[in-house]
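Everything on this sheet refers to the single structure shown next.
The values are calculated or read from the model by the stated rules, or taken from the named source; none is laboratory data. Only a predicted model underlies this, so the values are computations on that prediction, with no experimental measurement involved. Quick reminder, even Gly has a Cβ in these numbers, built from the backbone with ideal geometry, and neighbours come from all protein chains shown. These accessible areas exclude ligands, DNA and RNA; they are computed on the full protein's heavy atoms, side chains included. Shrake-Rupley method; radii C 1.70, N 1.55, O 1.52, S 1.80 Å.
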Amino acid sequence: MSVFIPMSLLSMTPPNLAEAVLAESVSSLALFYDEGCPACRFYSRRVRLQATLGQLQLIDVRAEPHYAQLLAGAGYQIEQGMVLRVADSWYGGADALQMLALLSSRSNVFNRFNFWLFKSPRRAKVCYPVLRSARNSLLWLLRLPKI
């Protein structure tokens, strides 16, 4: 199977090329995460964004591993944390959590707590490594391989 790559993409550096390919294949509001991780699945299914932003596209990188390669090419390691696309901006790990908190609707207890906890960049950066370690431990206990 051949893939058409526009000439404008051929002149890009590898991170920019991977980001451009990703941008062409997903909506402008997308969350890349690991559905196999119960904590990631819980979070991604409960976070609610403000209605004016539109629908958040959830992309399970475990089920669609080609996204992991594209994300890696753009400089994001899915094992280091979820990745969020908002328009032309990309956020990884703690930055993704903070941005999701800022964009959340605060329509229920989970989203209000999420906003309170992660609205601060400092708190997000302190909490995220702990959450990532818990995720890695959970995957180990469930005998799930890394993506």
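Test of understanding: extend the Cα→C-beta vector of Leu144 to 7 Å, then name every residue of the range 70-91 with backbone N under 19 Å from that spot.
In the range 70-91, the label zone of Leu144 (backbone N under 19 Å from the point 7 Å along Cα→Cβ) covers 71-72, 77-84.
So with the 1.4 Å probe, I'd like the accessible area per residue for the range 63-147, rounded to whole Å².
Numbers: 4800 Å² over 85 residues.
That works out to 56 Å² for each residue.
Given q = 0.14, 0.20, 0.28 Å⁻¹, what are the Debye log10 I(q)/I(0) values for the range 82-129, with equal point scatterers placed on the Cα positions and solvent ignored?
One equal scatterer on each Cα of the range 82-129 leads to -0.30, -0.60, -1.00.
Please tell me the relative contact order of the range 39-147 in percent, rounded to the nearest whole number, where contacts are Cα pairs under 8 Å and at least six residues apart. Kindly include the intermediate steps, with their values, before the conclusion.
Working: 98 pairs, mean separation 29.4, N = 109.
Computed value for the range 39-147: 27 percent relative contact order.
Over the range 56-147, what per residue volume does the convex hull of the Cα atoms give, in whole Å³? Let's see the in-between values first.
Details: hull volume 10.4 nm³, N = 92.
Once divided by residue count, the hull of the range 56-147 is 113 Å³.
Give me the one-decimal nm value for the distance between modelled label points at Gln50 and Ser105, 7 Å along each residue's Cα-to-Cβ direction.
Going by the 7 Å Cα→Cβ label model, 1.4 nm.
Given the range 17-115, what percent of its DSSP beta bridges are antiparallel, to the nearest 5? Could the numbers behind the result be given before it?
Details: 9 of 13 bridges.
Among the beta bridges of the range 17-115, antiparallel pairing accounts for roughly 70 percent.
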